Protein chains: 2
Amino acid sequence: MNFMPPFTKMIDLATGVIQDAVLVQERYLCDMRGMYADSAAEAALAAANPLIYRVYEATANPDEHGQLRYSTTVIEPGKVGDEYFMTKGHYHARGECAELYFGLAGEGVLILQTPAGEVSIQRMTPGAASYVPPYWGHRTINIGRVPFAFFACYPAEAGYDYGAIAESGFASLIIERDGAMQAIPNPRFTRK
Amino acid sequence: MNFMPPFTKMIDLATGVIQDAVLVQERYLCDMRGMYADSAAEAALAAANPLIYRVYEATANPDEHGQLRYSTTVIEPGKVGDEYFMTKGHYHARGECAELYFGLAGEGVLILQTPAGEVSIQRMTPGAASYVPPYWGHRTINIGRVPFAFFACYPAEAGYDYGAIAESGFASLIIERDGAMQAIPNPRFTRK
């Protein structure tokens, strides 16, 4: 039997950066076309094309049953119109797979949604351990003025389904109103 | 379909304590009889019976395929003879299940072992993300002068097998010699 070697990677607790990450994904505004509700505000920012978030994948552990993977995500502070910078969001291709988030720096929101449109909103600050139960879609949002960084651990076999959320988004938009975070209904959301 | 509700628990990053933990396990010296190599030193400490470590279980998420659980462990500083305070250590009942450790406070060592006695030693400091691959037994050890706290995430179905390690221990002992951590062979270890 071959035993996979144990390993340790350092995560910078202030910035969320994983040392020797095997993959760093960068998502700019142009990579999220149509995902923000205010299309005029999106168009106005198109030339500047700001960085929205980075994902640091620690490893490519095999996607076998029982294996885990972990990553960190760093979302920049900012807004498109009133809507805070956020990740694309996804369901897991294997819906029965959960995920654990752990806040490292900054202040954010985890929005979760069932396919039928039930929404849950979890506040995340450093030390917050938020559980994404099976079958909930999930997106994270930076509601603060500094980068929001969090750690994620998930079954290596979980996979991604971005399609459903790219199509109709989440039932709630997370916006700033009068200087505070607010969740409002997404007029474009369509229940499956 | 019933969707399990998402939730967030706060972890104190300085102490490792999980707010509203569902279970707090406390292990005193008397709970680890025979696990330290120096039986005379163990006997000398028996009356004082010091607290060795606490485990804070965040939740009892169902042990279904795809679910995760998480906990924190806080190991007190101290030694039994030359051997640092440590956890019992275990294999997973489902050996194919991995685990992820994440250092929060203090300084420790993660010792891992295959059933054949191959050993790996990982240093853990705050921000260290250490991977316990499938089929490795694992134990953590406080090699510092303050409590060593770390976070753990694992498949909810992983389970525990304490028997193999209680019987013959790990192939290496982690001891203090001349003020520094050292790994030495465990004379009582028997290969399976």
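Below, the figures for the structure above:
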| quantity | calculated |
| --- | --- |
| Checklist (1) part of a loop (DSSP other than H, G, I, E, B); (2) within 19 Å of A:C153 (Cβ to Cβ) applied to B:K88, failing item | (2) |
| Residue in segment B:53-74 that is in contact with a Leu (Cβ under 6 Å, 6 or more places away or on another chain) and over 27 Å from A:P134 (Cα atoms) present | no |
| Output for segment A:54-88, where each listed residue is free of Cβ contacts under 8 Å to residues at least 60 places away in the same chain and under 11 Å from the mean Cα position of the chain (by Cα) | A:R54, A:V55, A:F85 |
| All positions within segment B:123-154 that are of a type in the set (S, T, N, Q) and within 12 Å of chain A (Cβ to nearest Cβ) | B:T125, B:S130 |
| Number of positions in segment B:100-119 that are surrounded by fewer than 21 Cβ atoms within 10 Å (Cβ to Cβ) and either among the aromatic types (F, W, Y) or more than 20 Å from B:E176 (Cβ to Cβ) (or both) | 5 |
| Subset of segment B:59-93 that is of a type in the set (S, T, Y) and modelled with pLDDT of 95 or more - its residue that is farthest from A:R69 (Cα to Cα) | B:Y84 |
| Qualifying residue in segment A:97-112 (condition: under 30 Å from B:G95 (Cα atoms) and either out of contact with any strand residue (DSSP E or B) (no Cβ under 6 Å at 6 or more places or on another chain) or away from every other protein chain (no Cβ under 11 Å) (or both)) | no |
| Members of segment A:98-121 that are of a type in the set (V, I, T) and under 14 Å from the mean Cα position of the chain (by Cα) | A:V109, A:I111, A:I121 |
| Residue within segment B:76-94 that is acidic (D, E) and under 25 Å from A:A58 (Cα atoms) present | no |
| Residue satisfying condition, being among the small types (G, A, S), touching a Phe, Trp or Tyr at 6+ places or on another chain (Cβ under 7 Å) and more than 8 Å from chain B (Cβ to nearest Cβ), within set A:A164, A:A180, A:A116 | A:A164 |
| Every residue from segment B:50-87 that is of a type in the set (S, T, N, Q) and closer than 12 Å to B:F151 by Cβ | B:S71, B:T72, B:T73 |
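The values are calculated or read from the model by the stated rules, or taken from the named source; none is laboratory data. Given the structure is predicted, the values throughout are model-derived calculations rather than measurements. FYI the Cβ positions are ideal-geometry reconstructions off the backbone, even for glycines, and counts take in every protein chain you see.
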